[in-house]
Amino acid sequence: MKVISLPEIANQIRRRRSGKTLISEFINQCKIEDAIIIPDGATNGDMIRAMFPNVECGKDELGNVFIISSVQLGTIAFGESWWNTPYKVE
């Protein structure tokens with residue numbers, strides 16, 4: 001599924017003759033979904049940070065990347081090679 005921003009939709013509709021009424025009616029009929037934009041070249045680590053923006057990340061003495069979050073995740077360690085691997089969109 002592709003994500004289209006509301007401003008992008010509004011710009012496309014404004015190019016037609018319909019006007020603002022059609023824009024508001026159209027937006028009200030749309031199903032709004034939460035989405036994470038995946039940038040080109042994103043890594044697994046980038047995606048973890050995008051999904052959990054408020055967690056703290058760091059490395060332990062073995063070079064593992066770890067995430068600390070008080071409630072959601074606890075402490076989780078990932079290997080640095082996995083963390084830096086390009087994310088596969090499936």
Residues being touching a helix residue (DSSP H, G or I) at 6+ places or on another chain (Cβ under 9 Å) and assigned to a loop (DSSP other than H, G, I, E, B) - total across the stretch 31-61: 7
Looking across the stretch 66-88 at residues that are within 18 Å of the chain's Cα centre (by Cα) and assigned to a strand (DSSP E or B), the single one that is modelled with the highest pLDDT is Pro86
Total residues in the stretch 31-87, condition outside the structural domain of Ile4 (by TED's automatic domain parsing) and among the basic types (Lys, Arg): 2
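The values are calculated or read from the model by the stated rules, or taken from the named source; none is laboratory data. Source: prediction; values computed, not measured. Cβ atoms come from the backbone with ideal geometry, glycine included; neighbour counts cover every protein chain shown.
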